[in-house]
Amino acid sequence: MSEEILGVSAVVILAILVTASWLTNSKLLKLTTLGFVFLYPVAIGQVAFPSGPDQLGNYISGVLKYWLAQVWEQIQNYIKQQLNLSL
């Protein structure tokens, strides 16, 4: 159930943003990366934006769970693909 943007996984886009911001040391790219990390799950409806400061912990936890689930799914898909190629 991996979401894609223009046929590219959100995890791949995140990896590209992180790498580009690290290599260029650009503050704009760093802010864009942080925005993508925290706003993308909200935009696709996977995480609810906090309505108050008491829900901030739940929001951050939800964002982390979303990204970990996406990475885990990508790993599973890669392993399945490699197993299918070897059969």
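Structure above, values below:
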{"read-out": "Verdict on SER21 being more than 13 Å from the chain's Cα centre (by Cα), polar (S, T, N, Q) and not in a helix (DSSP H, G or I)", "value": "no"}
{"read-out": "Any hit, region 43-54, residues being acidic (Asp, Glu) and under 20 Å from GLY7 (Cβ atoms)", "value": "no"}
{"read-out": "Per-region count, region 44-87, residues touching a helix residue (DSSP H, G or I) at 6+ places or on another chain (Cβ under 6 Å) and either more than 21 Å from VAL12 (Cβ to Cβ) or part of a loop (DSSP other than H, G, I, E, B) (or both)", "value": "4"}
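Read the figures in this text as sums done on the coordinates, not as results from a lab. Keep in mind that what you see is a predicted model, and the values were worked out from it rather than measured. Neighbour counts run over all protein chains shown; Cβ positions are idealised from the backbone, glycine included.
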